[in-house]
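Here's the structure we're looking at; comments come further down.
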Amino acid sequence: MPQMYYEIVGEPGAAVPLVLLHGMFASRRIWDLNRAALAKRLPLILVDLPGHGASPPIAKDAEATPEALVAELERIRQELGAVRWCLCGQSFGAGVTLYYAMTHPERVAAQVFTNSRTTFRDAYGAAETEMRAQRIARIREGGRDAMGQEVFHPRHAKRFPEVIKAVLAREADAIDIETYLRLIGLTSPALSFYGRRAGPAVATLLINGRHEKAFQECRNELAEAWPQMEIVDIDGGHAVNIENPDGFDAALIAFLDRQLD
C-alpha cells in the first residue's frame with residue numbers, strides 16, 4: 001500500500017491529535033476554512049486519500065480495501081507516536097474513519113463524521129450495484145471528461161466560496177482515475193455498515209448538513225441503528241464543513257471538549 005500523505009498542524013505530541021480525512025474529489029484542502037479554528041483546540045493531522053492531493057495512487061485491487069486504508073492510518077498513528085487520537089471523516093472519508101474506529105476502538109478518543117451515504121446504505125443491493133457499474137463504465141469510456149461530470153466534482157458546487165471551489169476543482173482534475181475507480185468500485189461498498197446493528201464503541205458525533213436531502217433518510221436510519229451516537233443538525237449540504245464552517249467548527253469543538261476534558 002503506497003503511503004498516504006499527511007500534513008501536521010501544531011504539535012501532535014502536545015495533546016490528543018485530530019485526524020481529518022476528506023472524501024472523493026477533494027484533498028486535505030477541503031479543511032482550509034476549518035483548520036485555524038480547530039488547530040486552536042487540538043493538533044491536526046490532515047490526510048490525503050490515495051490518488052488524491054499529494055498521496056500516490058494505488059496500483060492493485062488488494063490495496064483498495066478498508067483494511068488496507070485502516071492499516072495506513074495505523075501506520076501514521078505509530079509514526080507520530082500518538083497513543084490515541086480523535087477522528088473526523090467527511091463523505092467517503094467518514095466510512096474509512098468509522099471503519100478504523102470499529103477496528104481499533106482503543107486508539108480512538110472520540111470521532112466525528114459528516115454526511116456520508118457510504119456509511120449506511122445497501123451497497124450490494126441491486127439498485128446500488130447497477131448504479132455503481134454504470135458510473136464505472138461511463139468513466140472508463142469518457143475518462144477525464146466523465147470524471148468532471150461526477151456529481152460531487154467541486155466544479156458543480158453552488159455554495160462553496162470561489163477561492164475554495166477553484167482550489168478543489170484543480171485538485172479534483174488531477175485525481176488518478178484508476179485509483180478513483182477502485183475506491184468507488186471496491187472500497188466504498190465494503191465500507192457500508194448497512195445491516196450491522198452493532199454501533200461504534202467510542203463516543204461518536206454526526207454533524208449533519210440538513211440541506212442535503214439525499215442524506216436525510218440515511219441520517220434517520222443511523223439515528224435508529226446507533227442510538228448512542230450524538231447528532232447535531234446544522235445548515236449546510238454535503239460538504240457542511242465548507243458551507244457552514246462556523247457551525248461545523250463549533251459543533252465539533254463542543255463535542256470534543258466534552259469527551260476530552
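Here, each number is a calculation from the coordinates, and none is a lab measurement. This is a predicted model, so every value here is computed, not measured. Using ideal geometry, Cβ is built from the backbone for each residue, glycine included, and neighbour counts are taken over all protein chains shown.
Descriptive notes on the structure:
- Proximal lysines relative to Lys158, as straight alpha-carbon distance under 25 Å, when same-chain residues fewer than 8 apart are discounted: Lys213
- Relative contact order (%) - region 6-260, alpha-carbon pairs under 8 angstrom, separation at least six: 24
- Amide H contacts of Phe120: Phe193, each under 5 Å away and 5 or more positions distant or on a separate chain (H built 1.01 Å from N in the peptide plane; Pro and chain starts excluded).
- Within region 193-261, none of the chymotrypsin sites (Phe, Trp or Tyr not before Pro) combine a DSSP coil assignment with at most 10 other C-beta atoms in a 10 angstrom radius.
- Vicinal HN-Hα couplings computed from phi for region 85-97 (Karplus, 6.51 cos²θ - 1.76 cosθ + 1.60; Hz; Gly/Pro x): 8, 9, 10, 9, x, 10, 6, 4, x, 5, x, 5, 5
- At 1.002 mPa s and 20 °C, Stokes D of region 1-126 from Kirkwood alpha-carbon radius, µm² per second: 146
- Label point distance in nm, Arg196-Glu230, each placed 7 Å from Cα along Cα→Cβ: 2.3
- Cα gyration tensor category, rounded, prolate or oblate, for the chain with a/c compared to 1.5: rounded
- Using C-alpha pairs below 8 Å separated by at least 6 residues, the relative contact order for region 122-261 is 20 percent.
- Residues with amide H under 5 Å from that of Leu49, placed H, sequence gap 5 or more: His22
- Applied to region 121-135, the Karplus parametrisation 6.51 cos²θ - 1.76 cosθ + 1.60 on θ = phi - 60° returns per-residue 3J(HN,Hα) values of 9, 6, 5, 9, x, 4, 5, 5, 5, 5, 4, 5, 4, 5, 4 Hz, with x for Gly and Pro.
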